[in-house]
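Data first, discussion second: the structure below is written as structure tokens.
The values are calculated or read from the model by the stated rules, or taken from the named source; none is laboratory data. Everything quoted here is computed from the prediction, not taken from an experiment. Cβ sites come from the backbone with ideal geometry, for glycine too, and all protein chains shown count toward neighbours.
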Amino acid sequence: MYAVRGKLLGRIPVHHALRSALKSSAAAEPFLNGSSSTYVEEMYESWRQDPSSVHKSWQIFFSRTEGGAGPGEAHVSAPNMPVYPMFAPSAAIPATEASAGDDIQSSRAGQSMILKHHNFQRLLRSYQSSGHHIAKLDPLGIGSADLDSTVPEILTLEHYNFTKQDMDQYFQLPKHTYFGGDEKELTLRETINRLERIYCGSIGTEFMHIHDPTAREYIRKWIEKPGIRNMTSEEKRILLARLVRSTRFEEYLAKKWPSEKRFGLEGCEVLIPAMKQIIDIANSRGVENFVIGMPHRGRLNVLANVCRKELEKLFNQFNPDMAPEDEGSGDVKYHLGMYHRRINHLTNKEVTLSVVANPSHLEAVNPVVCGKVRATQFFTGDEARQKTMAILLHGDAAYSGQGVVYETMHLSDLPSYTTGGTIHIVVNNQVGFTTDPRFSRSSPYCTDVAKVVNAPILHVNADDPEAVMHVCNVAANWRADWGKDVVIDLVCYRRNGHNEADEPSFTQPLMYKRIRETPNVLNKYSAQLLAEGTVSQADIDEELASFDKILNDAYQKSTAITKMKLTDWLDSPWNDFFECDANKVPILRATPPTGTNDSVLKIIAETFSADPPIKVHPGIKRILKGRKKMAEARQADWALGEALAFGSLLMEGYHVRLSGQDVERGTFSHRHHVLHDQDVDGKVYNPLQNLSSSQQKYSVSNSSLSEFGVLGFELGFSQHNPNSLVCWEAQFGDFFNTAQPIVDQFISSGQDKWYRQSNLVMLLPHGMEGMGPEHSSARMERFLQMCNDDEDCKYEGVSSDQQLWDCNWQIMNVTTPANMFHALRRQMYMKFRKPLVIFTPKSLLRHPLARSSFDEMIPGTSFKPIIPESSDVTKTKKLILCSGKAYYDLFEERAQRGLEEEIAITRIEQLHPFPHSLIEEELRRYPQDTQVSWVQEEHKNAGAWSYVKPRVENHLSLGTELEYIGRGPAASAATGNKKIHKTEYKKLMDHSFAL
């Protein structure tokens with residue numbers, strides 16, 4: 001059917017008969033432009049379903065063209081009628097076709113009326129597609145939300161050659177419009193009046209860009225049906241009460257703490273009733289869990305009035321002398337999150353509300369929220385995605401300016417990332433900090449990015465609360481019925497500056513002159529309801545007094561609070577995970593050995609190497625054959641070691657999720673966790689999903705070509721439940737560069753700022769192999785620079801588990817499949833959760849020396865923070881410390897030079913937390929005059945050198961320095977010239993083995 005639409009509209013060049021037929025008809029010319037193409041498409045669809053639903057001439061046109069009629073042969077002139085309704089029942093139309101002997105003048109008059117009716121249809125479509133451009137959206141009345149104050153030509157009568165005499169002419173309404181109600185025809189005047197109210201009033205609706213005609217019709221019904229926006233008196237009183245809470249809360253904070261930054265909601269107080277309306281409707285449609293992500297503006301009000309955070313705890317955050325009860329640095333109050341489960345009194349159903357903690361870094365929280373929603377859906381078995389949903393709040397400048405918005409929205413329909421639709425609310429201040437929107441975006445609206453995923457966009461004047469409630473109804477029902485994203489653009493203003501201490505008139509003098517003259521939305525709506533007789537002044541005064549008392553009582557309670565608990569601000573409390581003492585202080589327990597039974601290893605290895613039940617590529621058969629040989633020899637390479645870790649955790653009941661670019665196969669064609677049938681498109685087999693009937697689900701999925709968005713998504717997934725191993729792999733290590741805000745703001749510092757633990761694993765391919773600067777270094781130095789340990793401390797008497805508990809994350813550069821196996825399993829065996837960054841190899845994936853015996857993975861075995869050599873140390877002249885791939889280069893070069901006795905090599909597998917006690921013990925094994933050197937393949941200003949130097953020297957004899965061996969400093973991560981690379985490598989080896 002779409003192919004035939006393409007013939008009509010010229011979209012698909014399969015067969016041009018229908019379009020040629022249209023071109024050959026003078027009467028059909030109006031249908032060939034973009035504004036009317038939707039009408040023709042809908043009329044054709046209507047004919048397909050019921051031929052009698054369209055005019056006889058169109059019946060003949062469609063049937064003849066589909067029958068093969070050529071250009072000029074399908075069109076038939078219609079008989080003379082007063083008005084030719086395109087969707088009128090055929091019974092009202094003479095059945096005879098126009099004959100060649102019809103009166104010519106009568107035929108011309110008939111064609112003129114047909115064209116007039118065609119133009120009427122075009123006018124309707126123009127309002128539906130472009131009416132939003134002239135909607136009255138700005139509460140201040142000084143600007144246009146689309147940055148263009150002109151009236152589109154297609155919204156003028158002159159464009160359609162209508163005259164004053166035509167205004168009282170009756171026209172039949174098309175089937176696919178709803179503003180007529182039970183009326184079948186309207187005058188042109190009344191039609192325009194209704195279209196103006198619907199599409200050009202306080203609501204401007206963008207939906208004609210949506211490809212699916214059924215979805216467009218859904219929105220049309222919600223927008224056009226007479227009376228659909230009407231509210232009952234009770235609903236209006238509830239709206240007023242919510243506006244009272246929203247407005248009075250900001251006024252109270254401004255009065256109590258006038259000099260404090262709070263990023264208040266003044267100018268968009270309607271956000272609170274808007275969010276509550278969305279929650280009410282969605283809850284009535286089955287949603288039980290709401291995960292909210294938002295910037296700092298209005299966060300305190302949302303916490304207080306939407307999520308019902310205890311006001312005394314919120315007011316307590318304003319106390320500058322408050323000491324923290326928990327470990328960590330904490331964060332400012334307008335960055336904090338929360339979790340609350342309560343009864344929704346309007347639906348009498350229980351709801352869970354989570355606000356995810358996030359920094360000021362604009363829009364960074366978006367993918368984190370979506371990942372958390374997906375995890376909630378997974379662990380609650382919500383495969384229909386009807387019980388948990390995301391609400392994301394945005395600023396206008398950030399929504400159009402931040403690329404992570406696009407990255408996150410493009411995850412919305414991907415199978416492994418969809419959450420069943422997000423409701424986006426843009427708090428459109430019409431200014432970005434101090435920047436005029438004409439200088440902050442190139443698109444007409446700040447919301448235009450949402451069109452890429454066919455999301456309906458509902459622009460609304462924030463000073464018309466009842467219009468806001470209607471678009472919230474539309475959005476919540478759209479999400480419930482279609483499971484897709486939707487955007488509400490709350491066009492408002494910011495009564496104060498960017499913060500309460502800012503002076504906005506420096507840069508927006510006209511806007512702020514108008515703002516000072518504009519009463520707030522509560523005063524406007526109160527006056528409206530008083531005029532209607534819906535409420536009395538006594539009703540309003542009572543509502544104000546009631547909430548004022550709540551605020552004052554909470555303030556008195558807040559003065560009795562002496563300590564601030566970060567745990568009160570968690571967005572996902574793991575209540576049953578941590579073992580605590582009687583005072584609810586977590587107890588630190590030692591991490592048990594992470595090996596597993598040999599029988600489990602055997603099952604995984606055999607399944608992972610077995611012939612699959614599909615036809616696979618011959619190259620895959622060779623890989624499986626090689627795996628089978630390794631399994632029989634009880635040996636594991638890198639891919640098998642990783643599979644043994646994942647498989648054993650799955651069989652123990654832990655969920656494992658691996659995502660990133662090309663992770664199913666692996667960038668270096670080493671993993672092959674998803675095998676593809678060579679004859680059947682889309683048919684795949686995942687061996688690790690077929691280990692046992694009782695195993696947990698293994699989720700492995702290639703992601704979109706996104707780092708910022710996908711890494712944030714996986715972080716959010718990891719934060720919901722501690723019993724899930726979540727791994728994100730970069731295609732190359734340096735690809736994390738574009739996800740740096742997630743690393744900086746959430747992963748490295750999340751526990752200190754928000755008491756937020758995560759076991760997220762970042763797998764970053766790393767190694768200097770002559771592949772150029774963009775495919776060599778994962779910038780290890782950046783991660784190590786952000787570690788929270790003290791380089792001047794030896795950590796004497798501090799256990800390895802205590803160090804793990806105290807560190808902000810783990811940084812590893814491992815060299816064996818067994819250590820990789822244990823590192824991944826330790827993530828789930830620790831009695832707490834820490835992010836893990838592993839610099840994974842490339843050449844070592846197939847290196848013959850990078851093998852591990854199953855004996856290194858059986859019960860009683862564990863991760864090795866360092867791997868020393870067991871040779872006789874009495875003859876050793878130099879001890880080389882290194883990490884990662886460099887070990888194998890050194891090992892092979894030493895053998896070629898015959899220096900095994902003189903030079904020893906110790907691998908540091910875990911760089912942070914630094915294994916102080918093990919390094920101390922290792923150094924003591926060697927003679928005091930042994931030269932100790934650090935060898936790395938990275939440049940001196942990169943890699944681990946700056947981090948390990950002071951820490952190793954803490955354990956050397958007084959006055960002894962650690963020697964550096966490696967490349968010199970450089971701005972680029974690596975050379976792109978093979979010859980230079982080989983020269984650098986030779987110098988590195990020569991220096992390493994110089995005695």
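For this structure, a couple of remarks:
- Every condition in (1) at pLDDT 95 or above; (2) assigned to a loop (DSSP other than H, G, I, E, B) holds for residue 757 except the one numbered (1).
- Just one residue in the set 462, 455 is crowded, with 22+ Cβ neighbours inside 10 Å and closer than 25 Å to residue 524 by Cβ; that residue is 462.
- In region 803-860, the qualifying residues are those that are among the small types (Gly, Ala, Ser) and part of a loop (DSSP other than H, G, I, E, B), and the one that is nearest to residue 671 (Cα to Cα) is 850.
- Extreme residue, nearest to the chain's Cα centre (by Cα), among residues of region 552-582 that are under 20 Å from residue 755 (Cα atoms) and not in a loop (DSSP other than H, G, I, E, B): 569
- Counted as qualifying within region 884-995 are the strands (runs of 3 or more DSSP E) with 2 or more residues that are within 39 Å of the chain's Cα centre (by Cα) and more than 28 Å from residue 798 (Cβ to Cβ), namely 931-939.
- Some residue of region 884-897 being among the aliphatic types (A, V, I, L, M), modelled with pLDDT of 95 or more and buried (at least 21 other Cβ atoms within 10 Å of the Cβ): yes
- Set 639, 645, 631: member being among the hydrophobic types (A, V, I, L, M, F, W, C), within 26 Å of residue 828 (Cα to Cα), part of a helix (DSSP H, G or I) and touching a Phe, Trp or Tyr at 6+ places or on another chain (Cβ under 6 Å): 645
- Residues considered: 590, 605, 610. Of these, the only one that is surrounded by 14 or more Cβ atoms within 10 Å (Cβ to Cβ), in contact (Cβ under 8 Å) with a residue 12 or more places away in the chain, of a type outside the set (S, T, N, Q) and out of contact with any strand residue (DSSP E or B) (no Cβ under 8 Å at 6 or more places or on another chain) is 610.
- Flag if residue 143 is small (Gly, Ala, Ser) and farther than 30 Å from residue 510 by Cα: no
- Scanning region 373-389 for residues that are part of a loop (DSSP other than H, G, I, E, B) and not aliphatic (A, V, I, L, M) returns 380, 381, 382, 383, 385, 386, 387.
- Against the list (1) over 29 Å from residue 317 (Cβ atoms); (2) touching a helix residue (DSSP H, G or I) at 6+ places or on another chain (Cβ under 6 Å), the condition residue 234 fails is (2).
- Residue within region 597-610 that is part of a loop (DSSP other than H, G, I, E, B) and touching a Lys or Arg at 6+ places or on another chain (Cβ under 9 Å) present: yes
- Condition check for residue 140 on (1) modelled with pLDDT of 95 or more; (2) within 38 Å of the chain's Cα centre (by Cα): one failure, at (1).
- Within region 481-502, at least one residue is at pLDDT 95 or above, part of a helix (DSSP H, G or I) and not assigned by TED's automatic domain parsing to the domain that holds residue 752.
- Candidate set from region 652-677 (those that are among the hydrophobic types (A, V, I, L, M, F, W, C) and either crowded, with 19+ Cβ neighbours inside 10 Å or modelled with pLDDT under 95 (or both)); member that is farthest from residue 696 (Cα to Cα): 668
- For region 947-995, the set of residues classified as buried (at least 16 other Cβ atoms within 10 Å of the Cβ), farther than 28 Å from residue 922 by Cβ and either modelled with pLDDT of 95 or more or not β-branched (Val, Ile, Thr) (or both) consists of 973, 974, 981, 984, listed by residue number.
- Looking only at region 625-650, residues that are crowded, with 19+ Cβ neighbours inside 10 Å and over 16 Å from residue 850 (Cβ atoms) come to 6 in all.
- Helices (runs of 4 or more DSSP H) completely within region 256-372 that count 1 or more residues being within 25 Å of the chain's Cα centre (by Cα): 271-284, 299-305
- Scanning region 372-407 for residues that are of a type in the set (Val, Ile, Thr) and either under 24 Å from residue 283 (Cβ atoms) or out of contact with any strand residue (DSSP E or B) (no Cβ under 8 Å at 6 or more places or on another chain) (or both) turns up 373, 376, 380, 388, 391, 404.
- Inspection of region 285-294 finds a residue satisfying the criterion of being over 24 Å from residue 568 (Cβ atoms), among the hydrophobic types (A, V, I, L, M, F, W, C) and not assigned by TED's automatic domain parsing to the domain that holds residue 545.
- Matching residues, region 678-718, being acidic (Asp, Glu) and either in contact (Cβ under 8 Å) with a residue 24 or more places away in the chain or surrounded by 20 or more Cβ atoms within 10 Å (Cβ to Cβ) (or both): 679, 707, 714
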